[in-house]
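K.L.:
Sending over a structure as structure tokens; questions will come in a sec.
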2 protein chains.
Amino acid sequence: MPMKHLLLLILPLTILLSSNINARGTGDLGIVIERADGSVQLVETSNNTILGRIEGLGDLSHASAVYSRDEQFAYIFGRDGGLSKIDIINKKLVKRIKQSGNSIGGAISQDGRLVAVSNYKPGGVKIFDADSLALVADIPATYGNQGLRSKVIGLVDAPGQKFVFSLWDAGEIWVADLSSTEKPVIRKFKNIGKNPYDALITPDGRYYIAGLFGEDGMVLLDLWNPDAGSKRILDGYGKGEKKLPVYKMPHLEGWAIAGNRAFVPSVGHHEVLVINTLDWSEAGRIKVHGQPVFVMDRPDGRHVWVNFAVPDNDTLQIIDTESLTLIKTLKPGKGVLHMEFEPRGEEVWASIRDEDRIVVFDTETFEPLTSIKAKKPSGIFFTVRAHRTGL
Amino acid sequence: MPMKHLLLLILPLTILLSSNINARGTGDLGIVIERADGSVQLVETSNNTILGRIEGLGDLSHASAVYSRDEQFAYIFGRDGGLSKIDIINKKLVKRIKQSGNSIGGAISQDGRLVAVSNYKPGGVKIFDADSLALVADIPATYGNQGLRSKVIGLVDAPGQKFVFSLWDAGEIWVADLSSTEKPVIRKFKNIGKNPYDALITPDGRYYIAGLFGEDGMVLLDLWNPDAGSKRILDGYGKGEKKLPVYKMPHLEGWAIAGNRAFVPSVGHHEVLVINTLDWSEAGRIKVHGQPVFVMDRPDGRHVWVNFAVPDNDTLQIIDTESLTLIKTLKPGKGVLHMEFEPRGEEVWASIRDEDRIVVFDTETFEPLTSIKAKKPSGIFFTVRAHRTGL
């Protein structure tokens, strides 16, 4: 057979065979931050295995991630101001930029076309094209009359191409409408309270709630009724008069909302607070093992899982959201830093940093199912976040 | 160059190039049922285009679909008892079985390993292995003392590897726990009301609610408290004393739940009912253009979109869920059969059957963005359903 004919035969065959190489769905994928190595493990949750590692992502000591709407790309926000776009199908770093000196998190717009990063230094929010990572808008967090710039925290996306964030130094909440990137429309809510340190948005994208470090209590903004302004809630929420030592500020993104109750980590106290979401009043306190860090709801809202600050970070506790009682205490190992539920809640992944592994639990039986090696794992982020507001 | 060397050069190159052919995320994919042709259009929602067509799926005149947890496969439930598994990455029919004479819908288990189909004839539920489509459990809907078998409707998945469904002829609700496929555990709730015709489960998987055709009212089962039994709610819900003609039974799967309000299609009346989900009492009625069929909430809960039965099926109306008022009426064309919101709600797709096209709307401006050709399109199903309970 002449070579030409052979090639004509082999070429389509090769394409046919090889086109399946990367052909898998991306609905069951996720990444695990390896904080010490500046790398991520790419994982899948159908058989609970590792698919590969992507390296060279800089300082990931306090990193978070969001996903593109098609789930092909993850955007990793590093503490060093680095913004990395990784391709989780082809397992490679697509682009990495250093967009500031010090950053604290990011968000992706409702339509998936804009990635926003909140910066400490210089304080503000930068908005990038999700495709190219080109800068498309820069929002310096300038406040007062002297041109001072505030650190920005609690950045989330909201419906209507909005980003909402808080100014630590200024005590302000800003709502930026990026419907036009040439002309972002910014609405500022001033005097909201002293030193907002983190914030969250409810899963429906309606309520933005910031915690205050400078005083007890929280502040709530109803994005459906912005003209009503911000409102103080939960005046008992905070360090209190005794000024308890706080070993790790709780993460507000981890709030659990089940039915009409929200479960939030106390600041300093060994308690999980229960909030009535109908009027945002306190509805109870549940004693737990240590200072809670993440309080996360199983996707069906039946249980919440809680991890803790040092020296109690070897423990996980599970609360029944109906009886408001502790139903289980687990000791998976030293340094339980983060948890992520599989999308429909049948299993939960937990990072055990000091033991260099991830443990996957059955959420019905609470039994460990798998232990997966990872280097100093911290944040775990599954692709289902692509479809959720504020995550 | 000898042929062997040339091949060595070309082969890896070909693999390298072609390995990207299908390498895309699956988070923005979906299918549109083409009811008259027994085919589906494969679509993507990032640029709103068609990616391909898969044919040979039998009678799709009342078809629905669920997705595998990795989003690679869709399972299509046809009216003719056909169950088709399609690969939406490689765009092909993987397997098709005829599992009964007449079926009405299906569900996929929480862990994604089981696909259940509810059948009219012979009445019951069959459970298949999601991978092979091998039958793994058969649950005949036998009732009473004479060995009669009931038609099964309102089949949904629930947390804890459960399937919940209703028996039309028997007036019963069954909860089947498939934690063990060898020994399914079935709990039966009898005398729930006359002729349940469709049902839904709330997004958290807690409340199962069936509509009754044989009498006014609905029946609610709290799956967190099954010992409490079923409970009658909304006694004013139904055709009422006048026995209005019902042009098309509304679909209950389309219920919208926004905050503490549920929005449901009236039966026969030109109204959308508002329900207080705190006690499941009626909280209002909103006059609309015709007999509502699907009442669906934008993912942020701010609006609900409604389509209608003949002769008003050329219309879509939009309700503000806070003021409970109609804010917009659209006339996209004849035969508006179904709507599906993109996962974060920025756009909505609507099937316009009689005009052989799909229209995509911006949900902020209500402007049509794109018109896409499809043959007699009906149900639209996006991959995000893989991650949601009861869809």
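The values are calculated or read from the model by the stated rules, or taken from the named source; none is laboratory data. Just so we're clear, the structure is a prediction, and the values are computed from it rather than from any experiment. Neighbour counts are summed over all protein chains in view; Cβ atoms, including those assigned to glycine, are modelled from backbone coordinates with ideal geometry. Remember, those area values only see protein heavy atoms, side chains included, never the ligands or the DNA or RNA. Shrake-Rupley method; radii C 1.70, N 1.55, O 1.52, S 1.80 Å.
K.L.:
Which value, in Å², gives the accessible area per residue of the stretch A:257-362 when a 1.4 Å probe is used on the protein heavy atoms?
P.N.:
The answer is 30 Å² per residue.
K.L.:
Which residues of the stretch A:195-226 bury at least 30 Å² of accessible area once all protein chains are present, versus their chain alone (1.4 Å probe)?
P.N.:
Buried-area filter returns A:Asp204, A:Trp224.
K.L.:
Still on this structure, please answer the following. How much accessible area is lost when chains B and A come together, counting both sides, with a 1.4 Å probe, in Å² rounded to the nearest 100?
P.N.:
Accessible area lost upon association: around 4800 Å².
K.L.:
Using the alpha carbons of the stretch B:40-108, what is the convex hull volume per residue in cubic angstrom, as a whole number?
P.N.:
88
K.L.:
Express the relative contact order of the stretch A:253-331 as a whole percentage, based on alpha carbon pairs under 8 Å and six or more residues apart in sequence.
P.N.:
Worked out over the stretch A:253-331, it gives 22 percent.
K.L.:
Rounded to a whole number, what % of the accessible area of the stretch A:44-154 do carbon and sulfur atoms account for, probe 1.4 Å?
P.N.:
46
K.L.:
Quick check: convex hull over the Cα atoms of the stretch B:253-331, volume per residue in Å³, rounded to an integer?
P.N.:
Each residue corresponds to 80 Å³ of Cα convex hull volume.
K.L.:
If eta is 1.002 mPa s and T is 20 °C, what Stokes-Einstein diffusion coefficient results for the stretch B:99-248, Kirkwood Rh from Cα pairs, in µm²/s?
P.N.:
Once the numbers are plugged in, D ends up at 137 µm²/s.
K.L.:
Separate question: What are the ³J(HN,Hα) values, in whole Hz, obtained from phi via the Karplus relation 6.51 cos²θ - 1.76 cosθ + 1.60 with θ = phi - 60°, for each residue of the stretch A:142-158 in sequence order, with x given for Gly and Pro?
P.N.:
Along the stretch A:142-158, the couplings run 7, 9, x, 9, 9, x, 5, 10, 9, 4, 10, 9, x, 7, 9, 8, 9 Hz.
K.L.:
Hey, what's the stretch B:97-181 come to in accessible area per residue, 1.4 Å probe, Å²?
P.N.:
Ligands and nucleic acids excluded, the result is 34 Å² per residue.
K.L.:
A further question follows. Which value in nm describes the separation of the simple spin-label points at A:Leu51 and B:Thr181, placed 7 Å from the Cα toward the beta carbon?
P.N.:
2.4
K.L.:
Can you count the Lys pairs in the stretch B:99-248 with C-alpha separation below 17 Å, eight or more apart or on different chains?
P.N.:
So the count of such lysine pairs works out to 16.
K.L.:
Determine by what factor the alpha-carbon radius of gyration of the stretch B:150-221 differs from 2.2 N^0.38 Å, reporting the quotient.
P.N.:
For the stretch B:150-221, the normalised Cα radius of gyration comes out at 1.05.
K.L.:
Something else now. If you project the alpha carbons of the protein assembly as shown onto the principal axes, what extent comes out on each, in Å, largest first?
P.N.:
Sorted from largest, the Cα extents of the protein assembly as shown read 80, 77, 51 Å.
K.L.:
Using a 1.4 Å probe on the protein chains only, how many percent of the accessible area of the stretch B:209-343 belongs to carbon and sulfur?
P.N.:
C and S fraction of accessible area: 50 percent.
K.L.:
Another question, if that's okay. Work out which residues of the stretch A:292-328 lose at minimum 40 square angstrom of accessible surface when the other protein chains are put back, relative to the chain isolated, with a 1.4 angstrom probe, and list them by number.
P.N.:
Listed by number, the residues meeting the 40 Å² cut-off are A:Asp300, A:Arg302, A:Glu322.
K.L.:
One decimal, nm, shortest first: give the distances between the label point of A:Asn191 and those of the same position in the other copies, each label point 7 Å from Cα along Cα→Cβ.
P.N.:
Label-point distances to the other copies, shortest first: 6.4 nm.
K.L.:
What are the radius of gyration and Dmax of the stretch A:274-391, computed over its Cα atoms and given in Å?
P.N.:
So, for the stretch A:274-391, Rg and Dmax equal 14.3, 44 Å respectively.
K.L.:
Same structure, new question: Quick one: compute a quarter of the convex hull surface over the Cα atoms of the stretch A:311-374 and quote it in nm².
P.N.:
Taking a quarter of the hull surface, the average projection is 4.6 nm².
K.L.:
Could you go through the stretch B:191-201 in sequence order and give the Karplus-derived ³J(HN,Hα) for each residue, using 6.51 cos²θ - 1.76 cosθ + 1.60 with θ = phi - 60°, rounded to whole Hz, and x for Gly and Pro?
P.N.:
My calculation for the stretch B:191-201 gives 6, 7, x, 8, 6, x, 10, 6, 8, 8, 10 Hz in order.
K.L.:
Please report, in cubic angstrom per residue, the volume enclosed by the convex hull of the alpha-carbon atoms of the stretch B:199-345.
P.N.:
That works out to 103 Å³ per residue.
K.L.:
Output ³J(HN,Hα) for the stretch A:281-286: one whole-Hz value per residue in order, computed from phi by the Karplus curve 6.51 cos²θ - 1.76 cosθ + 1.60 with θ = phi - 60°, and x for Gly and Pro.
P.N.:
9, 6, 10, x, 9, 10
K.L.:
Over the whole of B:25-37, what's the average partner chain Cβ count within 10 Å per residue? Rounded to a whole number, please.
P.N.:
Taking the mean over all residues of the peptide, I get 4.
K.L.:
Given H placed 1.01 Å from N in the peptide plane, which residues other than close sequence neighbours of A:Lys151 have an amide H under 5 Å from its amide H?
P.N.:
The answer is A:Trp168, A:Asp169.
K.L.:
Along Cα-to-Cβ, 7 Å out, sits the label point; list in nm, shortest first, how far the one on B:Val310 is from those in the other copies.
P.N.:
7.2
K.L.:
Shifting gears a bit: With a 1.4 Å probe and all protein chains kept in place, how much accessible area does B:Ile153 have, in Å² rounded to the nearest 10?
P.N.:
Estimated to the nearest 10 Å², B:Ile153 gives 10 Å².
K.L.:
Indicate the residues belonging to the stretch A:70-84 that lose 10 Å² or more of solvent-accessible heavy-atom surface (probe 1.4 Å) upon moving from the chain alone to the assembly of all protein chains, ignoring ligands and nucleic acids.
P.N.:
Output list: A:Asp70, A:Glu71, A:Gln72.
K.L.:
Against the longest principal axis of chain B, how steep is helix B:3-18, in degrees 0 to 90 to the nearest 10, with axes from Cα atoms?
P.N.:
In chain B, helix B:3-18 runs at an angle near 20 degrees to the longest axis.
K.L.:
When averaged across all projection directions, what area in nm² does the alpha-carbon convex hull of chain A cover?
P.N.:
Its average projected convex-hull area is 21.8 nm².
K.L.:
Report Rg(Cα)/(2.2 N^0.38 Å) for the stretch B:101-157, keeping two decimals.
P.N.:
That ratio works out to 1.14.
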